[in-house]
2 protein chains.
Amino acid sequence: MKVLVIEDDPLHRSYLSEAVRAALPECLHVIEAENGLVGERLARENKFAHVVMDLQMNARNGIEAARTIWKERPDTRILFWSNYADEAYVRGVSRIVPPGAAYGYVLKSASDDRLKLALRSIFIESQCVIDREVRGLQQRSLGNSNGLTDSEYEILVDIALGLTDRAIATRRNLSLRSVQNRLQRLYEKLEVYYPAGAAEEDNRFNLRARAVSIALLRKLLNYSALERAEAELSEWLASH
Amino acid sequence: MKVLVIEDDPLHRSYLSEAVRAALPECLHVIEAENGLVGERLARENKFAHVVMDLQMNARNGIEAARTIWKERPDTRILFWSNYADEAYVRGVSRIVPPGAAYGYVLKSASDDRLKLALRSIFIESQCVIDREVRGLQQRSLGNSNGLTDSEYEILVDIALGLTDRAIATRRNLSLRSVQNRLQRLYEKLEVYYPAGAAEEDNRFNLRARAVSIALLRKLLNYSALERAEAELSEWLASH
DNA sequence: ATATAATTTGCGGGTTCCCGCAAGACATGG
DNA sequence: CCATGTCTTGCGGGAACCCGCAAATTATAT
């Protein structure tokens, strides 16, 4: 068995390699990559079936790397090892995992044992291992209670990118009014209207901008999500 | 000499303590804190004059911690050891450093030697040591060339928080038109208008929202800056 | 002190946003 | 089949945004 470790922090990288070697004595080779780009290349050249990677990396973000790896070999088993359980990350991962693939999401704050157990479960038993905290987010985002639906999340990203209603309408093939309709529901979900005990008559807030602000503060959005969305947008803009 | 180390990642924390001990043999005690809150408390109780800390921490962000530490003892020497040189961080630090205080800003990607040299320069020689990359940002943000002035940055933060023009006007003691004036200049600086070779007639972008988006992508703003601004805002809202 | 530049403010208007109302489209289930 | 619920679309209008123009104020420099 060979395992590819993709992580840009040197300390974390060596810790992770050590953990892999300890948890998987049957693992003969542990190869390290210091960012997503190198990771993608190594995965392609050496046909790794087992990968463990960070999500937040400078050169190329973990979600991007995972997407291309999975696109080329959908049966690759990937364990995400991240500092954060931002909903933006969790959504990003859920969006790209191929049907039936085995993957895992473990927080860096987890204990040594949890990490090693996860490594064995995923790479040996082909089982999905999702950190409890992360699991909670997934559930909540499915069950409507205070979680955004896909269409609401989509339009949230669109206004965060700075698109006008009209631009969103043409991009998503909707009428102008539908876009505004979805925005209304987004504003309700995000509780933009009366920010927890404020005055009633004066709207201090620009709803559109406030929605983005709240989403960022609640970590429904983060830098990496914006970055990906921006890339998709410029792609779409190019094809008019 | 006693040194206080504030860093929430265990691996980085022990690495940092080790570096301090190696660079400063005259240092008798190295005390560790695992987040900003604990760090503040220890600094207050033990009257540390030498602190090295991370900026991005969960419980309480490094900038907040540094502000309260400096407020209580302005002669404290603080070395910031951060993963990122986001302009948002650099601005945040510049804003709180007391006049004449010795401080440093070193990136985690710097070599062992650079870190140790910085530790000695600041703690022994009382000299400021700013990473070259960070220094570059500071210069650029002072020299107007493509950098935002303080008032432009201020209004950027205000629209990122989701305030209306009117709300900004009352908060900053300006007329409505002045607010919009500043916004115009902000939009010019951020190049919101014609995004590098797009169509001429159709404005796909909502300028206000796009400005925030661009600022986030360029790291003029980040989560921690937003968080601080939000705290200040709710304080101001309370006092009407 | 006077010229020059940069900010601030008011006015007016075109555009976009925000949304109530109401009618159609679509699915799900009895 | 109809009932019910969710989603979409059009219309219309009030509010907010964006900004050109021009006068007044303030800063900066020579």
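Tabulated data
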{"quantity": "Hits in the range B:168-183 (condition: more than 8 Å from DNA strand C (Cβ to nearest atom) and in contact with a Leu (Cβ under 9 Å, 6 or more places away or on another chain))", "calculated": "B:168, B:171, B:183"}
{"quantity": "Among (1) surrounded by fewer than 18 Cβ atoms within 10 Å (Cβ to Cβ); (2) away from DNA strand D (no atom under 16 Å from the Cβ), the one test that residue A:175 misses", "calculated": "(2)"}
{"quantity": "Close pairs (6 angstrom Cβ cut-off, 6 or more residues apart or separate chains): farther than 13 Å from residue A:212 by Cβ and more than 7 Å from chain A (Cβ to nearest Cβ) in the range B:211-227, assigned to a helix (DSSP H, G or I) and not hydrophobic (A, V, I, L, M, F, W, C) anywhere", "calculated": "B:219/B:87; B:220/B:87"}
{"quantity": "Unmet criterion (only one of (1) in the same structural domain as residue A:20 (by TED's automatic domain parsing); (2) within 16 Å of DNA strand C (Cβ to nearest atom)) for residue A:156", "calculated": "(1)"}
{"quantity": "Restricting the range A:58-76 to residues that are basic (Lys, Arg) and in a helix (DSSP H, G or I), the residue that is farthest from residue A:95 (Cα to Cα)", "calculated": "A:71"}
{"quantity": "Residue within the range A:10-25 that is among the acidic types (Asp, Glu), modelled with pLDDT under 95 and not assigned by TED's automatic domain parsing to the domain that holds residue A:227 present", "calculated": "no"}
{"quantity": "Hits in the range B:228-237 (condition: of a type in the set (D, E, K, R) and either touching a Gly at 6+ places or on another chain (Cβ under 8 Å) or more than 9 Å from chain A (Cβ to nearest Cβ) (or both))", "calculated": "B:228, B:232, B:235"}
{"quantity": "Any hit, the range A:50-62, residues being free of Cβ contacts under 8 Å to residues at least 12 places away in the same chain, surrounded by 20 or more Cβ atoms within 10 Å (Cβ to Cβ) and under 24 Å from residue A:220 (Cβ atoms)", "calculated": "no"}
{"quantity": "Any pair with Cβ under 8 angstrom, 6 or more apart, that starts in the range A:1-29 at a residue that is within 14 Å of another protein chain (Cβ to nearest Cβ) and in contact (Cβ under 8 Å) with a residue 12 or more places away in the chain and ends at one that is aromatic (Phe, Trp, Tyr) and not in a helix (DSSP H, G or I)", "calculated": "A:7/A:81; A:16/A:81"}
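The values are calculated or read from the model by the stated rules, or taken from the named source; none is laboratory data. Computed from a prediction, not measured in an experiment: that's the story for all the values here. Backbone-built Cβ (ideal geometry, glycine too); neighbour counts: all protein chains shown.
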